[in-house]
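For reference, the structure discussed in these notes is given below.
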Amino acid sequence: AVEPLVQLLRTGDAKGKAKAAQALSILANNDDNQVAIVRAGAVDPLVQLLRTGDAKGKAKAAQALSILVRNDDNQVAIARARVQRTWGCSCCGLLGMLRGESMPN
């Protein structure tokens with residue numbers, strides 16, 4: 001069920017990508033799904049949506065990534081996708097932000 005959503009993230013229009021990211025966010029609330037989502041290759045298209053999507057797409061991608069980053073194994077995959085460059089901050093700072101921690105000054 002995850003692979004079609006990842007494909008939609010890669011090839012869909014703006015609305016489809018936002019909906020796919022939202023669906024992945026819902027699925028990611030299950031720990032087993034978090035790993036499956038990352039293994040299916042969702043991180044790169046989520047990061048791309050976060051960088052280049054419309055406002056809704058960016059919000060849904062950030063939501064999905066913030067849930068996926070809660071899994072320690074996924075943090076490495078997300079860091080490798082260079083999420084830190086999205087906001088020009090350090091990887092550790094971004095991971096903290098995605099967890100809901102405040103960014104250091």
Residue 56 paired with residue 73, simple spin-label distance in nm, labels 7 Å along Cα-to-beta-carbon: 3.4 nm
Debye, to nearest 20: dipole size of segment 1-84, +1 on Lys, Arg Cβ, -1 on Asp, Glu Cβ: 380 debye
Cα-projected label distance for residue 13 with residue 35, points at 7 Å along beta-carbon direction, nm: 3.8 nm
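A short reminder: the numbers here are calculations on the coordinates, not readings from a lab. These numbers come from a predicted model, not from an experiment. Neighbour counts are summed over all protein chains in view; Cβ atoms, including those assigned to glycine, are modelled from backbone coordinates with ideal geometry.
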